[in-house]
Amino acid sequence: MVTGGKRGIGFETCRQLSELGLTVILTSCDPSKGKIATKILSDNGSDIVFYQLEVTNKNNITNVYNRVEQEYGRLDILINNAAILFDQAQSTINVNLDLVKKALTTNLIGPWSVCQAFIPLMKKNQYGRIVNVSSGAGSLYYMEGGAPAYGSSKVALNALTRKLASELKGENILVNSIDPGWVEADMGGKGGRPVVEGCKGIIWATTLPDNGPSGGFYHDQKLVPW
């Protein structure tokens, strides 16, 4: 299941996962755009289904969980990709804190809520791969000014990765943060690398073996500093 799958990184991730022969659940808060994206992939032979999912709506998350549990009885892979507000032009000193709250709600609390819903199902089946799509803007090591809401939310998402990975040790549920880099998409804008390249690290993290790493922050399959 891929959150925020209607375009960009989410859409390409769905496409690449389907090429592995997996059944992919493409989710989007916008049903019309999500259905269009799903049809594009399905028409090309992908095994894709669409569920409407707003990651900030707990009732919606519960409904999606119930549907997945009833129709499939398992969820092997969860990719928390849905994110908002790349506020590159904002200043940390002067940013409207309502924007920060909005970013944290979608970029942190959203993935956290989805994880809380689906980890019990992964535990039941003794298998899970959780990928939190992060960003270089979420690295304290490289941290500079700008994008205060987005960057802070991705730092917090990385912390969630570490917490979950630690608590799930021995459960065969691997949790990692992936920085896809600056890709040419709606959020990243023009000039980035092709989205197909940025998604390769995400796919790698979803297909890790049972003894694979967990609790790491990776870019192109290489550890990067937090």
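Things to note:
- Residue of Asn211, Asn63, Asn80 that the Gaussian network model of the chain assigns the largest fluctuation, springs spanning Cα pairs under 10 Å: Asn211
- Only helical runs count toward this figure. For the chain, summing -39,500 (n - 2.57) over DSSP H runs of n ≥ 4 and dividing by all residues gives -13000 deg cm²/dmol at 222 nm.
- Evaluating 6.51 cos²θ - 1.76 cosθ + 1.60 at θ = phi - 60° for every residue in segment 84-93, the Karplus couplings come out as 9, 6, 7, 8, 4, 7, 7, 9, 4, 5 Hz, glycine and proline recorded as x.
- Bridge orientation summary for the chain: considering DSSP beta bridges with both residues in this region, about 15 percent are antiparallel.
- Spin-label pair Lys163-Tyr127: with each label point 7 Å from Cα along the Cα-Cβ axis, the two points sit 2.9 nm from one another.
- Dipole size of segment 8-223 about its Cα centre, with +1 on Lys/Arg Cβ and -1 on Asp/Glu Cβ: approximately 340 debye, rounded to the nearest 20.
- Subtracting the Cα-Cα distance of Asp210 and Leu97 from 0.36 nm times their residue separation leaves 36.5 nm of extension gain.
- Low-density loop positions, chymotrypsin sites (Phe, Trp or Tyr not before Pro), segment 36-138 - DSSP coil, at most 15 other Cβ in 10 Å: Tyr72
- Estimated dipole of segment 75-147 in Debye, rounded to 20 [Cβ of Lys and Arg +1, of Asp and Glu -1, Cα centre]: 340 debye
- Extended-chain gain in nm, criterion 0.36 nm per residue less alpha-carbon gap, Gln88 and Leu223: 46.1 nm
Read the figures in this text as sums done on the coordinates, not as results from a lab. Everything quoted here is computed from the prediction, not taken from an experiment. Cβ: placed from backbone, ideal geometry, glycine included. Neighbour counts: every protein chain shown.
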